[in-house]
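I have placed the structure first, in the form of structure tokens, so that the comments after it can refer back to it.
The values are calculated or read from the model by the stated rules, or taken from the named source; none is laboratory data. Here the structure is a predicted model, which means the values were calculated and not measured. As a convention, Cβ positions derive from the backbone with ideal geometry for all residues, glycine included, and neighbour counts pool all protein chains shown. When the accessible area is computed, the model is the full protein with side chains, heavy atoms only, and any ligands, DNA or RNA have been set aside. Shrake-Rupley method; radii C 1.70, N 1.55, O 1.52, S 1.80 Å.
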Amino acid sequence: MNDVILSRIAEALTWTGRYVERADATARILDAYLHRMLEDPWRDEDVACRSLYAILGVDAGADSVDMQQVLDQLAFDSRSTCAIEGALGAARLNARSAREAVSSAMWECLNATWHALADQRRAARRTGPYGYLELVRSRAALFFGLADSTMSRDDSWRFVVLGRSLERVDMTVRLLSVRVLDAAHAPDWPTLLSASGADEAYARVYGGFGDTPRVAEFLLLDRDFPRSALHALTTAEECLSALGRPRQDPARRPIGRLRTRLEYLDSPALEEQLPLLLGDLQAACMASAEAVAERFYPYQGPVVWAQEGA
Amino acid sequence: MADIFDAYALVDAWDEMFERPGEVRTAYEPVLAALQPIEPGELRFRADQMARAFTDRGVTYAFAGEERPWPLDLVPRILDALEWDFIQRGVAQRVRALEAYLADAYGPCRAFEDGVVPWRLLLGSPHFHRAAHGVEPPGGVRIHVAGIDLVRDEAGDFRVLEDNVRVPSGVSYVIENRRAMTRVFPSLFDGQHVVPVDGYPARLLAALRAAAPEGTADPRVVVLTPGPSNAAYFEHALLARLMGVQLVEGHDLVCRNHRVWMRTTKGEVPVHVVYRRLDDDFLDPLHFRPDSVIGCPGIMTAALAGKVTLANAVGNGIADDKLLYTYVPDLIRYYLGEEPVLPNVESYRPDEPGQLDAVLDQLDRLVIKPVDGAGGQGIVIGPKADAKTLAKTRKAVAADPRGFIAQRPVALSTSPTLAGDRMAPRHIDLRPFAVNDGTDIWVLPGGLTRVALQEGNLIVNSSQGGGSKDTWVLAEGPADGPAALPADDAPPAVAPRQLGPDGVPSAVQEGAQQQ
């Protein structure tokens, strides 16, 4: 019976995956920065905050900014999907409109999280945002864990994973872009690693603590780390190929190309090409997402009922 | 020790739990025994826990623009096997008669020719859709799902209050109420034989598939919802999920060549049965309200061409008009040749010659209902109304006798309900749900019991702040122990899970798993 997915549901599922991943990544980044700032008494709060804004693509304005303002705008703002609360709210609405497609457990996870945010937000004013950020991260993990354990590996599941993968590439690229393109606001390498949740994995692979540009290599090219760009691209490509393979798939082609480029890139070349590569990665993800929309959920269907008559 | 039933004072109505003060009815004995020793604080704790669970699961409803957890009282409402058998027969009989009436009204019109029902009742109904005339639905079913509202009067007799055969809602709360109660209050079920309610989605799906246009090998069923902003969206999503079918909105569907398709990631796919949860008026802008954007243009044409089945059928509104309600006992005799199992509430038809004056004369002793009102709106309870309201009502009824019916006020039965930290009697009603698959009318055991949470209030709708109760139907059989025990020498139903090295079950493993 349920061998097909409504276009509307496919779109909602993709965005649910994207928004939960975005909330998760944003919580990680904020947590890493806050942690860094507390431990480093010489750090300039304004600079660090501007760097955060730059990563998340929000205009910082001309006045000096502090951490509370950052939290208000990047965590607690329910009207912006760039902020955690807005992203989770949007994920909840999308999951709600696809309630017969996501499992009850997944929907309840998002809904309960949404209701729990208010308490944690209030607590954050008194004791700091750690509980709040921790809640977001653990619920995002729970959500994707439930997706993995309660959804069939059918197209519905692939749309969720596709959304998550594309968002993951985007967030990783954003992190690296600030380091590479905007030296004034650059985060240090260890902060960058922990913002990606990659500090321990990196330490295990390289036996060090990431004071080198090899961090970029790890975050882009590591085959095994699930948040690396290569890994996320590979996953997205797998989803797209399983969703059906037209001969020239405009959704798969841009990310497939980049995936192969990353696969055969060696370390010296990486450093040289990094700025260009990051731009290409972002463009490829965007092109792919647009092609997915066009193919799987076209809005402008032909208006056929006008001739139908009564 | 404080007893939550200490202050329970019976009012002038049939009480579901107590025959007389302190004298509990048999079916309720175990429940009372389980509830009585519980401290008020503990009950409150469980009620809060339940509300929290409802909020997290999204089982909510909109009240005064606010999202509130579904209100479920902790005390179940119990129907014994005999009572249920009676209700179920009465409900099924009523649905059969209403089906016969719809087939007649949209076909040969015998009942009108024979003078059982006046013509004006049909022709004056805003729900009479010419588009539905002459359509022969698959299996002859127009009422795939019905919700028949019952009340229990002062003498303890069940009476029909109204019939809902358009898009009756609330069945999801029957399922959710039971699930919540078994989680929050498992001990209450100990030693009881409560008939399960989770068979509904399977019955519904079977009935919907049976309703597919003839010759459809593997019918595709969908649930059509107005969307997430609708108050009953939770129910639409639950039913779609439990049936494993798509939940579609109007713009997910497209009609072409008198057929209905849905837009999917694999292109357009044909749809055969639409369990629609929106009113006729919004279904198809080409036939009904042209300004409606939540329906699907052309779906009515496809239905008329017999390419898609709409459940429930378009035009059913003529059968749950409150004025028609007063004729249903006659219809049961006329079409089925049977006596009604369930009586109506005594009613007047101001529409009929001579009755208008009788109604106007004793307005302050009657309940006045607009024939088209929904959700308890517009009902005036004469004995409780002030002079101004009565005057206004008198004028309205005199101006439009067809628009109202009048009924004897019934003191609905009461059931103990948690109010603050004590039990208090509150008025309740019951909406059993029937599913018609064309050969059999099945009534979901129990139904939705709604409770008026304010003292003395007789209107139970959730849109007016009402609550609900888990409704138990007790299975027939011995009061204690399972109905049938397997014989001693019967093989175990389930093979042991873990065998030790010598081929015998490993006690350690099994024991560890049972912790």
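Points worth noting:
A quick yes/no check of all residues on (1) assigned to a loop (DSSP other than H, G, I, E, B); (2) modelled with pLDDT of 95 or more; (3) not aromatic (F, W, Y):
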residue	(1), (2), (3)
A:D63	yes, no, yes
A:V70	no, no, yes
A:R92	no, yes, yes
A:V102	yes, no, yes
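- Inter-residue pairs, beta-carbon under 6 Å, first over 14 Å from A:Q282 (Cα atoms) and in region A:158-182, second of a type in the set (K, R), 6+ apart: A:G163/A:R18
- Under the condition of being within 27 Å of A:S241 (Cβ to Cβ), in a helix (DSSP H, G or I) and open to solvent by 60 Å² or more (accessible area, probe 1.4 Å), the residues counted in region A:121-162 number 4.
- Residues within region B:284-299 that are under 13 Å from B:C255 (Cα atoms), modelled with pLDDT under 90 and within 27 Å of the chain's Cα centre (by Cα), tallied: 3
- Subset tally (residues that are in contact with a helix residue (DSSP H, G or I) (Cβ under 9 Å, 6 or more places away or on another chain), open to solvent by less than 60 Å² (accessible area, probe 1.4 Å) and not β-branched (V, I, T)) for region A:245-272: 12
- Residues satisfying the stated conditions in region B:117-133, i.e. over 28 Å from the mean Cα position of the chain (by Cα) and open to solvent by less than 90 Å² (accessible area, probe 1.4 Å): B:P118
- Of the helices (runs of 4 or more DSSP H) that lie entirely inside region B:164-280, those containing 2 or more residues that are touching an Asp or Glu at 6+ places or on another chain (Cβ under 7 Å), open to solvent by 30 Å² or more (accessible area, probe 1.4 Å) and farther than 30 Å from B:R44 by Cα span B:200-210.
- So B:A217, is it at pLDDT below 95 and within 15 Å of B:I294 (Cα to Cα): no
- Test: residue in region A:92-106 that is acidic (D, E), open to solvent by 30 Å² or more (accessible area, probe 1.4 Å), in contact with a Gly (Cβ under 9 Å, 6 or more places away or on another chain) and within 14 Å of chain B (Cβ to nearest Cβ): no
- Taking region B:42-62 as the range and being over 17 Å from A:A105 (Cβ atoms) and open to solvent by less than 50 Å² (accessible area, probe 1.4 Å) as the test, the residues that pass are B:L43, B:R46, B:A47, B:M50, B:A51, B:T60, B:Y61.
- Residues satisfying the stated conditions in region A:189-211, i.e. under 16 Å from A:L175 (Cβ atoms) and surrounded by fewer than 22 Cβ atoms within 10 Å (Cβ to Cβ): A:W189, A:P190, A:S194, A:G197, A:D199, A:A201, A:G210
- Out of B:F234, B:F158, B:F185, sole residue that is at the interface with chain A (Cβ under 9 Å from one of its Cβ atoms), touching a strand residue (DSSP E or B) at 6+ places or on another chain (Cβ under 9 Å) and among the aromatic types (F, W, Y): B:F234
- Residue tally, condition in contact with a strand residue (DSSP E or B) (Cβ under 6 Å, 6 or more places away or on another chain), within 14 Å of chain A (Cβ to nearest Cβ) and buried (at least 23 other Cβ atoms within 10 Å of the Cβ), over region B:300-334: 3
Okay, residues lined up against (1) over 29 Å from B:G156 (Cβ atoms); (2) in contact (Cβ under 8 Å) with a residue 40 or more places away in the chain; (3) not acidic (D, E):
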{"site": "B:I368", "(1), (2), (3)": "no, no, yes"}
{"site": "B:V371", "(1), (2), (3)": "no, yes, yes"}
{"site": "B:I379", "(1), (2), (3)": "no, yes, yes"}
{"site": "B:D386", "(1), (2), (3)": "yes, no, no"}
{"site": "B:R394", "(1), (2), (3)": "yes, no, yes"}
{"site": "B:A399", "(1), (2), (3)": "yes, no, yes"}
{"site": "B:R402", "(1), (2), (3)": "yes, yes, yes"}
{"site": "B:R408", "(1), (2), (3)": "no, yes, yes"}
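- For region B:8-31, taking the residues that are of a type in the set (D, E, K, R) and in a strand (DSSP E or B), the one that is least open to solvent (accessible area, probe 1.4 Å) is identified as B:D15.
- Residues that are open to solvent by 20 Å² or more (accessible area, probe 1.4 Å) and either without any contact (Cβ under 8 Å) to a residue 12 or more places away in the chain or not small (G, A, S) (or both) within region B:428-444 comprise B:R431, B:D437, B:T439, B:D440, B:I441, B:W442, listed in sequence order.
- Some residue of region A:68-90 being within 14 Å of another protein chain (Cβ to nearest Cβ), within 20 Å of the chain's Cα centre (by Cα) and closer than 30 Å to A:C239 by Cα: yes
- The conditions of being open to solvent by 10 Å² or more (accessible area, probe 1.4 Å) and away from chain A (no Cβ under 14 Å) are met by B:P340.
- Residues satisfying the stated conditions in region B:262-279, i.e. at the interface with chain A (Cβ under 9 Å from one of its Cβ atoms) and among the basic types (K, R): B:R263, B:K266
- Filter result (open to solvent by 10 Å² or more (accessible area, probe 1.4 Å) and within 14 Å of another protein chain (Cβ to nearest Cβ)) within region A:16-35: none
- Looking across region B:281-293, the residues that are open to solvent by 20 Å² or more (accessible area, probe 1.4 Å), in contact (Cβ under 8 Å) with a residue 12 or more places away in the chain and away from chain A (no Cβ under 11 Å) come down to B:F282, B:V293.
- All positions within region A:1-32 that are part of a helix (DSSP H, G or I) and of a type in the set (V, I, T): A:I9, A:T14, A:T16, A:V20, A:T26, A:I29
- Residue within region A:73-82 that is of a type outside the set (D, E, K, R), within 20 Å of A:I5 (Cα to Cα), at pLDDT below 95 and assigned to a loop (DSSP other than H, G, I, E, B) present: no
- Among the numbered conditions (1) farther than 30 Å from A:S241 by Cα; (2) within 12 Å of chain A (Cβ to nearest Cβ), the only one that B:Q246 does not meet is (1).
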